[in-house]
1. So, in region 191-205, how many residues would count as being in a helix (DSSP H, G or I) and over 19 Å from the mean Cα position of the chain (by Cα)?
2. State which residue pairs qualify: first residue over 19 Å from Phe103 (Cα atoms) and inside region 158-184, second residue acidic (Asp, Glu) and not in a helix (DSSP H, G or I) in any location, beta carbons under 6 Å apart, and separation of 6 or more residues or different chains.
3. I'd like to verify a number: residues in region 136-186 that are assigned to a loop (DSSP other than H, G, I, E, B), closer than 17 Å to Glu118 by Cα and not charged (D, E, K, R), how many?
4. Can you say whether Leu228 is in the same structural domain as Asn119 (by TED's automatic domain parsing), among the aliphatic types (A, V, I, L, M) and within 17 Å of the chain's Cα centre (by Cα), as far as the supplied structure shows?
5. On the basis of being within 19 Å of Cys107 (Cβ to Cβ) and free of Cβ contacts under 8 Å to residues at least 12 places away in the same chain, does Gly51 make the cut?
6. State whether one or more residues within region 1-9 are buried (at least 18 other Cβ atoms within 10 Å of the Cβ), in contact (Cβ under 8 Å) with a residue 40 or more places away in the chain and of a type in the set (Phe, Trp, Tyr).
7. May I ask you to list the residues in region 10-48 that are of a type in the set (Gly, Ala, Ser) and touching a residue at least 12 places away in the same chain (Cβ under 8 Å)?
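The values are calculated or read from the model by the stated rules, or taken from the named source; none is laboratory data. As the structure is a computational prediction, the values presented were derived from the model and not from experiment. Cβ placement follows ideal geometry from the backbone for every residue including glycine, while neighbour counts extend to all protein chains displayed.
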Amino acid sequence: MKYILKIRRRERGSETDYFQSFFYEPQSESDTAATALESLGKCDTLTDINGEPARKIEWERSCLQQKCGACAMVINGRPQLACAAVLAEFKSSEVLIEPLRKFPTVCDLIVDRTTLFENLKIMKLWLNDDADRREKLQELAYRSSECIQCGCCLEVCPNFYVGGRFFGMSTVPITTRLLSEMPKQKRKEIMKLYDRHTFAGCGKSLACSNTCPKKIDTEELLVNVNRLRRKEE
């Protein structure tokens with residue numbers, strides 16, 4: 001089957017979006033959206049379906065093995081990793097590919113996720129002291145460590161926006177891991193920041209629960225951190 005990739009594009013420095021469509025014929029049933037984008041990028045002369053010349057499509061990627069989160073984008077209306085979006089699993093031969101919309105677009109499918117990482121700094125999500133091995137949520141902390149900070153959870157969150165006080169689910173996995181290692185007497189500041197930037201703004205829509213590419217149970221993380229929060233009050 002030949003696919004039509006309809007890509008939302010934007011020139012660097014421009015504020016105007018436009019769509020451009022390209023043909024792609026898979027080489028195997030395991031081909032993904034990332035495979036298609038890589039293939040188009042190798043074309044000496046890129047043309048759209050009308051035969052018009054086009055510049056190379058800009059997008060971010062690194063491992064292409066669902067480990068880094070760099071290739072997060074919106075595919076057929078759903079935020080996901082391009083390297084995990086198998087074309088054969090789509091119901092239509094037309095595939096709509098767009099950048100994440102909650103973050104500023106840099107160019108084509110590249111977005112600026114600076115706010116995601118700056119929010120981690122504001123939350124002070126690092127361990128200053130030796131880990132306290134006596135009190136650990138070991139299994140939960142292990143599962144939360146699979147978070148790759150791709151931003152898909154923020155894309156679907158109705159309460160998150162860049163520059164807002166609510167930081168969304170992206171900080172919760174690291175908060176969970178940190179609290180599992182941090183001595184009890186050191187948790188107070190982290191809990192205060194969690195109250196301000198997560199607990200107070202979460203509307204419990206749990207839109208993030210079915211979106212995480214790593215299948216992290218975001219509801220379980222919230223429940224456990226909130227339970228620990230009540231114990232600290």
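1. Keep residues of region 191-205 that are in a helix (DSSP H, G or I), which gives 191-199.
Now narrow it down to the ones that are over 19 Å from the mean Cα position of the chain (by Cα): 191-196, 199.
Selection size over region 191-205: 7.
2. So the pair list comes out as Pro183/Asp132.
3. Selection size over region 136-186: 13.
4. Answer is no for this residue.
5. no
6. Scanning region 1-9 turns up at least one residue that is buried (at least 18 other Cβ atoms within 10 Å of the Cβ), in contact (Cβ under 8 Å) with a residue 40 or more places away in the chain and of a type in the set (Phe, Trp, Tyr).
7. Ser21, Ser30, Ala33, Ala34, Ala36, Ser39, Gly41
Residue by residue, here is whether (1) assigned by TED's automatic domain parsing to the domain that holds Thr176; (2) of a type in the set (Ser, Thr, Tyr); (3) under 19 Å from the mean Cα position of the chain (by Cα); (4) over 23 Å from Ala207 (Cα atoms) holds:
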{"residue": "Ala36", "(1), (2), (3), (4)": "no, no, no, yes"}
{"residue": "Gly51", "(1), (2), (3), (4)": "no, no, no, yes"}
{"residue": "Gln65", "(1), (2), (3), (4)": "no, no, yes, yes"}
{"residue": "Cys68", "(1), (2), (3), (4)": "no, no, yes, no"}
{"residue": "Asn76", "(1), (2), (3), (4)": "no, no, yes, no"}
{"residue": "Val86", "(1), (2), (3), (4)": "no, no, yes, no"}
{"residue": "Pro104", "(1), (2), (3), (4)": "no, no, yes, no"}
{"residue": "Leu120", "(1), (2), (3), (4)": "yes, no, yes, no"}
